[in-house]
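Input: a single structure, listed below in structure tokens.
Every number in this text was worked out from the coordinates using simple rules, so none of it is lab data. What you are looking at is a predicted structure, and each value in this text was computed from that prediction instead of being measured. Glycine also receives a Cβ, built like all others from the backbone with ideal geometry; neighbour counts cover every protein chain displayed.
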Amino acid sequence: MESRCPVALDPLGADIHAEGSRIRAQGPVARIELPGGVKAWSVTGHAAAREVLSDHRFSKDGRRHFDAYVDGTVGEDFPLIGWVLMENMTTAYGADHTRLRKPCAHAFTPRRVEALRPAVEAITTELLDELAALPAGEPVDLKGLFAHPLPARAICDLFGVPAEARAEMLRGGEVNVDTSISPEEAAANVARWHQEMLDFVDSKRRSPGDDLTSDLVAAQQADSSLLSDDELVGTLHIMLATGTEPVKNLIANAVLALLTHPEQLALVRSGEATWQDVIQETLRVEAPVAHLPFRFPVEDVEIGGVTIPKGEPVLVNYAAIGRDPEVHGADADRFDITRANKESLSFGHAIYRCIGQPLALLEAEIALAALFERFPHLGLAVPAESIAPQGTFIMNGVAELPVLLDARPTTMKAAVVPEVGATWELRDVPVPQPGPGQVLIRVRASGLCHNDLWLTDGHFPFPEFDPVVVGHEAAGDVVAVGPGVTHRKVGDRVGATWVQGTCGTCDYCRLNLPLTGQSGMNCAAPVMSGLTVPGHHAEYVTVLADSTVLLPDEVSYVQAAPVLCAGYTSWSALRAADPKPHERVAVLGIGGLGHLALQFSRACGFDTVAITRSPDKHDLARELGAATVVANGAELAAAGGADVILVTGTSYEAATDALQGLRPNGRLVLATIDPEGSFSIGPTSPVWAQRQQIIGATHNGLEQLTEALRLVAEGKVDPIVEVFPKERIAEAVALAAKGEVRFRAVVTY
Ligand code: HEM
Ligand SMILES: [Zn+2]
Ligand SMILES: [Zn+2]
């Protein structure tokens with residue numbers, strides 16, 4: 001059972017969302033405790049919050065309606081006393097609220113705000129220029145150097161705050177939302193801030209300017225009943241503070257969300273989503289104002305199934321409301337700019353609704369668009385988990401946002417084959433950049449194929465590029481796309497394979513056949529990973545986008561890697577044999593390919609036979625799908641033969657032997673290379689009279705690779721792998737060369 005003990009709000013705001021869910025578990029309106037032990041209420045439900053925000057029985061005037069303040073139980077030592085004593089529209093009720101809101105509201109209508117666009121753009125450009133002038137490669141606090149000064153300069157310009165006074169006057173607002181400070185510090189801040197603002201108003205009385213402060217001063221002089229001196233000061237407090245604090249959090253929260261969800265940023269870049277989508281979704285999942293104190297019912301009010309007694313403080317928990325599962329479903333916590341309903345109450349609702357919304361939206365859009373255009377390779381300078389929260393429950397944001405303006409790595413670890421026959425070495429090499437038609441993949445897992453070993457030991461011509469990096473079974477994420485790439489985007493989970501592309505002009509290319517392993521062997525100038533261009537055993541690799549496949553969500557990188565060559569080959573072999581439903585399929589060799597071929601055959605419901613000379617593999621072969629296990633062709637014949645024999649081992653001699661067990665009309669598929677032995681049909685063989693076929697098969701087209709991945713996604717096939725971190729690459733290669741890996745070595749990068 002959930003505890004009904006009131007949640008005490010953490011003054012450090014260490015995890016506002018976890019706290020919000022704990023409160024929500026107690027109901028949409030629940031008791032909480034404020035610093036100083038003051039009992040209060042938190043509204044976390046969207047529907048309940050709408051009711052509270054539009055119910056005229058809630059006052060924001062604590063001086064009149066906070067019973068514990070009125071009767072003296074709560075006083076100067078209440079850490080949030082500043083939010084009670086301040087006199088402005090946010091702490092007013094009824095006619096006072098209307099009176100105090102009116103003189104400011106007219107300055108922030110959408111039309112007036114649109115006229116500010118050039119000014120906001122100019123500030124943004126100036127700040128981006130300042131950032132660009134900083135020493136390259138150093139982490140930068142984007143909150144302090146961009147998200148904060150942008151709205152701060154804009155609001156100070158509007159209110160005519162002189163440059164030299166800005167930092168101090170804005171600090172008052174910053175400290176005012178800091179709930180981690182002591183009551184003494186809070187009181188000192190209120191006093192200092194109040195005095196600064198009085199001096200500022202005086203200066204405007206003496207020499208008015210063309211600014212909103214001078215307008216307020218003039219309006220007060222024309223009609224002294226409009227607002228008192230304290231109210232004028234309080235209004236300036238709220239305008240400067242709200243003009244800055246929430247906007248900087250909106251900008252910083254949006255940047256953080258995009259940098260941690262690059263696939264969403266890619267949607268904006270490709271035009272599939274807009275900056276307003278980003279802003280609305282950020283407002284919902286990371287409401288910049290978590291709570292804005294306070295509301296007090298002027299009588300007992302029943303909402304959300306509870307009665308809130310008259311005079312007790314109520315906090316509308318905007319941070320929790322945006323994540324209300326009743327409105328946004330089970331994945332309400334997920335940042336998803338494509339979700340249809342991004343509704344939130346993050347600007348409030350009804351009569352106290354934010355008057356700065358049009359300005360905030362304008363500033364955020366200009367800021368985000370310009371920032372990501374100027375610094376397209378922006379990235380976090382530290383892991384997202386290590387970014388500290390702001391230290392308050394009033395605002396929802398980070399203390400600092402350390403970024404690198406150009407976060408592209410310049411070097412990477414790659415498994416280099418120094419020369420023919422040499423041991424592989426992990427070395428630092430330059431990160432490649434994607435050219436036309438290419439994507440840059442951050443490789444997460446890369447399988448070790450037998451061909452990698454043959455390239456190393458000289459069975460195949462040693463690659464001519466430098467340094468030599470081989471491999472053609474990479475699974476990872478697209479992190480950059482080159483010019484002209486339209487169907488892959490940053491954030492895609494992809495697999496890359498052996499043949500990337502062809503020359504497009506040779507005789508073979510003129511046949512216009514699809515991209516297959518055959519293309520690699522016949523085109524005059526094919527692009528082949530690890531053979532003609534650098535391979536996949538590295539942290540990053542560029543490949544032609546057209547040769548990649550999207551990985552199903554259910555398939556991990558490690559599971560996917562061996563499918564990209566071994567699985568692709570064995571599935572293509574089975575498809576090439578075109579078995580009929582009643583036929584029997586034999587798999588020769590239980591290794592990297594064979595263990596997958598057995599599973600593919602069983603997944604399709606074929607009566608499956610394993611042919612292996614290793615008695616220790618019999619049990620496993622049965623587990624993987626073999627109904628029958630035999631040692632060779634003679635035993636296969638004795639067991640009734642097979643309609644299809646898939647040769648997945650690297651001995652053509654064993655394939656020749658297996659032919660004895662091929663039934664009439666049977667097909668033997670050669671899917672592998674034997675660099676030494678040869679396949680032969682003996683002079684007395686009845687192959688001709690049995691109308692048998694010997695079929696060659698290789699990677700048979702990306703649609704077949706996709707079929708193989710789908711069987712893995714459905715859980716019908718599961719590659720058996722040994723995983724090696726990249727630091728153990730030499731060991732992985734040595735073990736694979738000795739045939740001691742079951743069944744595929746997958747290296748993680
Ligand atoms: C992303 C930025 C902003 C957010 C999320 C935000 C949020 C809010 C919220 C939630 C309220 C209602 C508080 C309540 O009744 O509980 C509010 C009120 C207010 N906001 Fe904003 N605000 C933002 C930007 C601004 C800006 C730029 C200004 C000034 C130009 C501003 C000025 C005000 C004022 C004066 C009120 C009080 C309205 C009243 O009490 O009638 N806000 N804001
Ligand atoms: Zn391979
Ligand atoms: Zn060609």
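Miscellaneous remarks
- Remark: the stretch 401-407, residue by residue, has Karplus-estimated 3J(HN,Hα) of 10, x, 10, 10, 5, 10, 8 Hz, where x stands for each Gly or Pro and the curve is 6.51 cos²θ - 1.76 cosθ + 1.60 at θ = phi - 60°.
- 3J(HN,Hα) along the stretch 65-76: 10, 8, 3, 5, 6, 4, 8, x, 5, 10, x, 4 Hz, from the Karplus curve 6.51 cos²θ - 1.76 cosθ + 1.60 with θ = phi - 60°, whole Hz, x for Gly and Pro.
- Counting only whole DSSP H helices of the chain, the ones at least 27 Å long by C-alpha along their axis and with mean Kyte-Doolittle hydropathy no lower than -0.5 are 229-260.
- Three-way shape call for the stretch 566-698 based on the alpha-carbon gyration tensor, with the a/c threshold at 1.5: rounded
- Within the chain, percent of DSSP bridges classed antiparallel, to nearest 5: 60
- Comparing Asn512, Thr456, Ser556 along the charge dipole axis of the chain, the residue lying farthest to the positive side is Asn512, per the Cβ-charge model.
- Near the amide H of Leu426, within less than 5 Å, lie the amide hydrogens of Val416, all on another chain or at least 5 residues away, with H placed in the peptide plane.
- Cα-based shape type of the stretch 7-404, given that a ≥ b ≥ c are square roots of the gyration tensor eigenvalues and the cut on a/c is 1.5: oblate
- Loop-located GluC sites (Glu not before Pro) in the stretch 643-749 (DSSP state other than H, G, I, E, B) with a sparse environment of at most 11 neighbouring Cβ atoms within 10 Å: Glu676, Glu740.
- Note on the stretch 7-404: dipole from Cβ charges, positive end direction compared against Ile123, Gly72, Val327; the farthest Cα belongs to Val327.
- Dipole-positive endmost among Ser570, Leu212, Val443 within the chain (Cβ charges, Cα centre): Ser570
- A DSSP coil position with no more than 15 other Cβ atoms inside 10 Å describes the following GluC sites (Glu not before Pro) in the stretch 291-330: Glu299.
- Amide H within-cut-off set for Ala538, under 5 Å, with H built and near neighbours excluded: Ala415
- Residues Lys726, Lys39, Lys204, sorted so that the one with the fewest Cβ neighbours within 10 Å comes first: Lys39, Lys726, Lys204
- Label separation (Ala188 vs Ala330): 5.2 nm, computed from points 7 Å beyond Cα along the C-beta direction.
- Charge dipole (debye, nearest 20) of the stretch 566-698; +1 at Cβ of Lys and Arg, -1 at Cβ of Asp and Glu: 360
- Full-stretch length increase - Ala222, Glu121 - with 0.36 nm per residue and alpha-carbon distance subtracted: 32.9 nm
- Taking 0.36 nm per residue of sequence separation and removing the Cα-Cα distance, the Arg171/Phe679 pair yields an extension gain of 174.6 nm.
- Dipole magnitude (debye, nearest 20) for the chain, charges at Cβ of Lys, Arg, Asp, Glu: 1880
- Dipole magnitude for the stretch 411-561: computed about the Cα centre from +1 point charges on Lys and Arg Cβ and -1 point charges on Asp and Glu Cβ, it is near 380 debye.
- Protection-proxy order for peptides 364-374, 280-290, each taking the mean of Cβ atoms within 10 Å per residue, highest first: 280-290, 364-374
- The alpha carbon gyration tensor of the chain gives principal lengths a ≥ b ≥ c with a/c of 1.5 or higher and a/b greater than b/c, which makes the shape prolate.
- Annotation for Ser614 and Ser21: the two label points, set 7 Å from Cα along the Cα-Cβ direction, are 4.5 nm apart.
- Nonlocal amide H pairs with Leu378, under 5 Å, H built at 1.01 Å: Ala407
- For the stretch 686-692, backbone phi angles converted through the Karplus equation (6.51, -1.76, 1.60; θ = phi - 60°) give residue-by-residue couplings of x, 3, 5, 6, 7, 6, 7 Hz, Gly and Pro being listed as x.
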